[in-house]
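Asker: Here's a structure for you.
The values are calculated or read from the model by the stated rules, or taken from the named source; none is laboratory data. Computed from a prediction, not measured in an experiment: that's the story for all the values here. FYI the Cβ positions are ideal-geometry reconstructions off the backbone, even for glycines, and counts take in every protein chain you see. For accessibility, only protein heavy atoms count, side chains too; no ligands or nucleic acids. Shrake-Rupley method; radii C 1.70, N 1.55, O 1.52, S 1.80 Å.
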Amino acid sequence: RGITRLRALGVVGQSSDIIGISPKIHTFEPSFKDIDFAIAESQVISFDYRNPSTGEIQTRTLQPWLMRQIAGAWLVLGFDEDRGEARNFMLRRIVSKVEPATSGREIRTFERPEDSIIEAAVKDLDDHAKKQVATIRVSRGSEAWFRYELDLQTNNSGDLLQLNYHDLYVLAEQLREYADQIEVVEPKELATLVELGFRKVADLHG
């Protein structure tokens with residue numbers, strides 16, 4: 001899309017060799033390449049997706065618009081045909097191979113919406129994240145302390161950290177990396193998820 005805009009401005013010609021500026025993105029997500037291809041070709045895709053709160057697996061059909069990396073996690077944003085609205089899907093929760101959706105023997109394609117529509121959808125999701133705030137207490141001098149040092153609010157009541165988040169389950173996974181170096185003050189749902197994760201690890205190694 002960036003090259004298309006440059007060509008529209010006359011900066012890059014139609015026959016210009018752009019291989020030298022082609023981005024290279026490395027990821028361990030197995031569905032990344034298939035989704036990236038579907039975005040480039042405007043192909044509708046289908047995949048099995050695990051609900052983070054219930055564990056239920058459902059088949060979803062998506063018109064993929066773009067991929068984003070948020071807090072170290074890759075997400076695909078697009079139009080969810082099953083829900084009839086723009087939705088985010090986390091690549092790590094896709095539990096099947098991403099397949100092109102078909103109509104008969106034909107691979108289904110879609111008309112990509114205008115950039116303004118996609119940008120509005122991104123803004124809505126980001127505005128939602130701004131309203132979701134977690135408060136964490138961080139142990140001084142710990143690995144977590146140095147990880148979040150610039151964001152800490154140090155005062156007489158303790159060393160507190162406020163984080164905005166898109167996904168409570170992803171935040172819980174990240175915080176569990178620091179074990180006893182952090183304490184979740186709020187929300188209580190986050191504290192419960194962190195604790196459940198620790199118990200699961202203990203049960204597996206008990």
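Asker: Between Val95, Val76, which is under 13 Å from Glu29 (Cβ atoms), of a type in the set (Val, Ile, Thr) and in contact with a helix residue (DSSP H, G or I) (Cβ under 6 Å, 6 or more places away or on another chain)?
Answerer: Among Val95, Val76, only Val76 is under 13 Å from Glu29 (Cβ atoms), of a type in the set (Val, Ile, Thr) and in contact with a helix residue (DSSP H, G or I) (Cβ under 6 Å, 6 or more places away or on another chain).
Asker: Of all residues being of a type in the set (D, E, K, R) and within 16 Å of His166 (Cα to Cα) in the range 79-119, which is least open to solvent (accessible area, probe 1.4 Å)? Just the residue, please.
Answerer: If we take residues in the range 79-119 being of a type in the set (D, E, K, R) and within 16 Å of His166 (Cα to Cα), then Arg93 is least open to solvent (accessible area, probe 1.4 Å).
Asker: Same structure again: Take Val76 and decide whether it is touching a residue at least 24 places away in the same chain (Cβ under 8 Å), β-branched (Val, Ile, Thr), touching a Phe, Trp or Tyr at 6+ places or on another chain (Cβ under 9 Å) and open to solvent by 40 Å² or more (accessible area, probe 1.4 Å).
Answerer: No; evaluated as a whole, the condition is false for this residue.
Asker: Kindly establish whether Leu175 is of a type outside the set (Asp, Glu), at pLDDT 80 or above and at negative phi.
Answerer: yes
Asker: Further question: Which residues, taken from the range 32-54, are among the polar types (S, T, N, Q) and modelled with pLDDT under 95?
Answerer: Matches in the range 32-54: Asn51, Ser53, Thr54.
Asker: Go through the residues of the range 45-60 one by one and say whether even a single one is farther than 27 Å from Leu196 by Cβ, in a strand (DSSP E or B) and hydrophobic (A, V, I, L, M, F, W, C).
Answerer: yes
Asker: Do we have any residue at all in the range 120-130 that's at negative phi, open to solvent by 50 Å² or more (accessible area, probe 1.4 Å) and touching a residue at least 60 places away in the same chain (Cβ under 8 Å)?
Answerer: No: zero hits.
Asker: Restricting attention to the range 38-63, and to residues there that are free of Cβ contacts under 8 Å to residues at least 40 places away in the same chain and hydrophobic (A, V, I, L, M, F, W, C), which single residue is farthest from Asp82 (Cα to Cα)?
Answerer: Checked the range 38-63; the qualifying residue farthest from Asp82 (Cα to Cα) is Ala40.
Asker: Tell me, which residue of the range 64-73 that is open to solvent by 40 Å² or more (accessible area, probe 1.4 Å) and without any contact (Cβ under 8 Å) to a residue 60 or more places away in the chain is nearest to Glu41 (Cα to Cα)?
Answerer: If we take residues in the range 64-73 being open to solvent by 40 Å² or more (accessible area, probe 1.4 Å) and without any contact (Cβ under 8 Å) to a residue 60 or more places away in the chain, then Arg68 is nearest to Glu41 (Cα to Cα).
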